[in-house]
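**Student:** Provided herewith is a single structure, encoded as structure tokens, for subsequent inquiry.
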Amino acid sequence: MADNKVLTKKDVQKAALFWHATSHMTYNYQRLQAGSMTAMMGPLFEKLYPNNPEKIKEGCERQMLYFNTEPRWGAIIPGMTVALEEAYAMDPEGGVDGSLITEIKTALMGPLAGIGDTVWAGLMKPIILSITLAWAMQGYVMGAWAYWLITFGLDMGITYYMFMRGYKLGTDSVDRFLEGGFVKTVTTAIGIVGMFCLGAMIVKYVGISAVLQIEMTTTTLDFGSIMNKIIPSFLPLVFTLLAYWMQVKGKKVTTVLLVLFAIGFIGGAIGFLG
Amino acid sequence: MVQALLMALVALLNGIQGPWHWYMFREPVMAGFWVGLIYGDPVQGTIIGATINVSYMGWISAGGANASDLYWAGLLGTFVAIKGGMSLDTAVAFAVPIGLLGNYVHVAYMTLASVWPTRMDVLAAKGEWKKIRMIQIIGGPSFVLVLRALPVFLIALYGGDLIQTFIDALPVWAMNGLAATGKMLPALGMSMLLKFMYKKELLPFFVLGFAVAAYTGLTDLLMFACIGICLAFILIKLGFSREEKGVE
């Protein structure tokens, strides 16, 4: 493949930036990110198949097939697609063909979506949020902008890096990436930081507590302070675990939301919680 | 009128999908900032947006399925809170149901936008990728304009006074209920995160974080992040993740 390249580094960079900006722009239930893939490949097809409109049509139709992955870590797939399409165009008899491209994309998009979502939406973004939101809640507008700067920078950096890596490594890329232990180490490291912070976040952000007080003849029974003496932040922990348990049991987030809403509203209205 | 138009503009930018918009306009803390800016108090807007944001900490849209709509919870949640002069806890209790409403808008968008690939297929068969690119860039946003910007414009134009009247009419017990709900709902965000991150071997770190914060009262998360990073670094050096591989 190495001596068979017509695409310059600039072409690939442009494709990477196009993917970054438009992967979700016309997101829809029918084909999800396929439109962005096709539009991204368009100019590259033009270069790979000069004066061969038949091949361009074929390529566009191939890329219009269902595609959906996590756009940042998963950017390794569109990057690899560019490399595969290039290899196919340069040497149609050389092992890579149209159906192989589709098969590889389809095989990888699921696992990478899983890894990508866990690392990005489940770990990286919440950790950034947990720190910057604390600033914003104290009235520092810069906290909101710090959130934007960090997440946008990371988003673009990861997408670009993974895309270029996907292109460079071509077919081997994802195997090597997944087997290298890199993902495992990163996920474990962020998992430790995430779980540690999450424990503290429950104390910081979930403010629900018992406010019920019962007037006795000699003293006032204050449930909130009694509970706080046994385990501080006990109710926040209990309700978080309840919500977690419901989700593990397969309840939809909407259902969990309504249950929490109902408990909070009734508890607050009758003076138990506050 | 000008404010309503600006709200519509922010709603458009808030609804368009992509990393250029997600972080600057969609995340409730930033949506709150913009709404605050439009109504003359960006600091209050940021505080409200950030408070709402906590309940959406573990929010994710996998394969286009929204759990609850982050977009409108931040945008309209802040609007309602500012217009109704609410406390922060009450604002959260209002924002989350608005998010549920916004969820229908999201489903409508994802369904309607499904007409575009059909058109793209026709173009692909002709090899007209430039037109596909055009649709990819303006197709989705044009629906956002109709489904998100237009309703927000109308709400911003006519809704402000209604909200005020409604809030003033609420009895004390209902306000207490809503305030408690607002303190309760962040548990949802935490539970979504827990579901994401939970691994048996990571459980001690969760307990450790909770215990330290609960018993010492220290809740500066930057401090927890620093300690967490050091813990992770040391443990991985000691072979924590290798050991984990052996267990599987």
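All of the numbers you see were taken from the coordinates with simple rules; none came from a lab. This structure is a prediction, so every number in the text was calculated from the model and none was measured. Cβ: placed from backbone, ideal geometry, glycine included. Neighbour counts: every protein chain shown.
**Student:** Can you tell me which lysines have their Cα less than 30 Å from the Cα of A:LYS229? Leave out same-chain residues fewer than eight positions away.
**Tutor:** Once the sequence-local lysines are set aside, what remains near A:LYS229 is A:LYS204, B:LYS183, B:LYS195, B:LYS199, B:LYS200.
**Student:** Would the range B:82-167 count as rounded, prolate or oblate if I go by the C-alpha gyration tensor, calling it rounded below 1.5 in a/c and otherwise prolate when a/b exceeds b/c, oblate otherwise?
**Tutor:** Details: a/c = 4.23, a/b = 3.11, b/c = 1.36.
It comes out prolate by the Cα gyration axes.
**Student:** I would also like to ask the following. Scale the Cα Rg of the range B:170-218 by the rule-of-thumb value 2.2 N^0.38 Å and send over the ratio, two decimals.
**Tutor:** Numbers: Rg = 15.4 Å, N = 49, 2.2 N^0.38 = 9.7 Å.
Ratio of Cα Rg to 2.2 N^0.38 Å: 1.60.
**Student:** Another one. So what's the net charge close to B:GLY177: Lys and Arg +1, Asp and Glu -1, counting the other residues with Cβ under 12 Å from its Cβ? Could you put the intermediate results ahead of the total?
**Tutor:** Working: positive: B:LYS183; negative: B:ASP89.
Surrounding charge for B:GLY177 is 0.
**Student:** Can you tell me the Rg and Dmax of the range B:131-233, counting just the alpha carbons, in angstroms?
**Tutor:** Rg then Dmax for the range B:131-233, in Å: 22.7, 61.
**Student:** Quick check on chain B: helices-only [θ] at 222 nm, where DSSP H runs of length 4 and up contribute -39,500 (n - 2.57) each and the sum goes over total residues. Nearest 500, please.
**Tutor:** Computed ellipticity for chain B at 222 nm equals -25000 deg cm²/dmol.
**Student:** Another question about this same structure. Where does chain A land at 222 nm, in deg cm²/dmol rounded to the nearest 500, when only DSSP H runs of n ≥ 4 count, each adding -39500 (n - 2.57), divided by all residues? Spell out each step's value before the answer.
**Tutor:** On the way: 12 runs with 188 residues, N = 274.
About -22500 deg cm²/dmol.
**Student:** Mind checking the log10 I(q)/I(0) for the range A:76-179 at q = 0.21, 0.24 Å⁻¹? Debye, one equal scatterer per Cα, no solvent, two decimals.
**Tutor:** -1.03, -1.21
**Student:** Do any GluC sites (Glu not before Pro) in the range A:72-130 lie in a loop, going by DSSP, with at most 10 other beta-carbon atoms within 10 Å of their beta carbon, and if so which? Before the final figure, lay out each step's value.
**Tutor:** On the way: sites: A:GLU85, A:GLU86, A:GLU93, A:GLU103; in loops: A:GLU93.
Qualifying residues, ordered by number: A:GLU93.
**Student:** Work out which helices of chain A, taken as complete DSSP H runs, extend at least 18 Å along their axis over the Cα atoms and score a mean Kyte-Doolittle of 0.5 or more, then list them. Write down the numbers at each step before the final one.
**Tutor:** Details: long enough: A:9-22 (20 Å, -0.52); A:34-48 (20 Å, 0.56); A:76-90 (21 Å, 1.01); A:98-117 (28 Å, 0.71); A:141-169 (42 Å, 0.67); A:182-205 (32 Å, 1.55); A:234-248 (21 Å, 1.66); A:253-269 (24 Å, 2.33).
The qualifying helices are A:34-48, A:76-90, A:98-117, A:141-169, A:182-205, A:234-248, A:253-269.
**Student:** Taking neighbour Cβ counts within 10 Å as the exposure measure, how do A:VAL206, B:VAL146, A:VAL12 sort from fewest upward? Working shown, then result.
**Tutor:** Numbers: A:VAL206 27, B:VAL146 12, A:VAL12 21.
Fewest-to-most ranking of A:VAL206, B:VAL146, A:VAL12: B:VAL146, A:VAL12, A:VAL206.
**Student:** Can you tell me which of B:GLY40, B:GLY217, B:GLY49 moves the most in a GNM of chain B? Springs connect C-alpha atoms under 10 Å apart.
**Tutor:** Its mean-square fluctuation being the largest, the pick is B:GLY217.
**Student:** Under 1.5 on a/c is rounded, so check that first for chain B, then, if it is not, pick prolate when a/b is larger than b/c and oblate when it is not; a ≥ b ≥ c are the square roots of the alpha carbon gyration tensor eigenvalues.
**Tutor:** Here chain B falls in the oblate category.
**Student:** For chain A, what is the largest minus smallest coordinate of the Cα atoms on each principal axis, given in angstrom and ordered from greatest to least?
**Tutor:** 95, 35, 32
**Student:** Beyond 38 Å, what percent of the Cα pairs of the protein assembly as shown remain? All intermediate terms of the calculation are to be shown ahead of the outcome.
**Tutor:** Values: 43768 of 135981 pairs.
Here the tail beyond 38 Å accounts for 32 percent of pairs.
**Student:** Separate question: Need the list of lysines near A:LYS55 for cross-linking: C-alpha distance under 27 angstrom, and skip anything on the same chain fewer than eight residues off.
**Tutor:** Excluding near neighbours in sequence, the set is A:LYS5, A:LYS9, A:LYS10, A:LYS14, A:LYS47, A:LYS105, A:LYS168, B:LYS126, B:LYS130, B:LYS131.
**Student:** Next up: Averaged over A:233-242, how many beta carbons belonging to a partner chain fall within 10 Å of each residue's beta carbon? Spell out each step's value before the answer.
**Tutor:** Values: counts 7, 1, 3, 7, 5, 1, 8, 10, 4, 2.
Mean partner-chain Cβ count within 10 Å for A:233-242: 5.
**Student:** When Lys and Arg each count +1 and Asp and Glu each count -1, what net charge do the other residues less than 13 Å away from A:TYR160, Cβ to Cβ, add up to? Walk me through the intermediate numbers first.
**Tutor:** Working: positive: A:LYS9, A:LYS14, A:ARG72, A:ARG165, A:LYS168; negative: A:ASP155.
Once all neighbours under 13 Å are counted, the net charge is +4.
**Student:** While we're on this one: Could you tell me which residue out of A:GLY170, A:GLY181, A:THR81 lies farthest along the dipole of the range A:9-193 toward its positive end? Charges go on the beta carbon: Lys and Arg +1, Asp and Glu -1, centred on the Cα centre.
**Tutor:** The Cα lying farthest towards the positive end belongs to A:GLY181.
**Student:** Whole angstrom only: what separates the Cα centroid of the range A:36-67 from the Cα centroid of the range A:123-148?
**Tutor:** 41 Å
**Student:** Also, quick follow-up: In nm, give the distance between the simple-model label positions of B:ILE138 and A:LYS47, each being 7 Å from the Cα along the Cα-to-Cβ direction.
**Tutor:** So the label points at B:ILE138 and A:LYS47 sit 2.6 nm apart.
**Student:** Could you tell me whether the range A:206-269 comes out rounded, prolate or oblate from its Cα gyration tensor? Rule is a ≥ b ≥ c as square roots of the eigenvalues, rounded for a/c under 1.5, then prolate if a/b exceeds b/c, otherwise oblate. Don't jump to the answer; show the numbers that get you there.
**Tutor:** Working: a/c = 3.92, a/b = 2.10, b/c = 1.87.
It comes out prolate by the Cα gyration axes.
**Student:** What is the gain in length, in nm to one decimal, between A:PHE152 and A:LEU65 on full extension, counting 0.36 nm per residue of separation less the C-alpha to C-alpha distance?
**Tutor:** Values: separation 87, 0.36 × 87 = 31.32 nm, distance 2.88 nm.
Extending this stretch completely gives an extra 28.4 nm.
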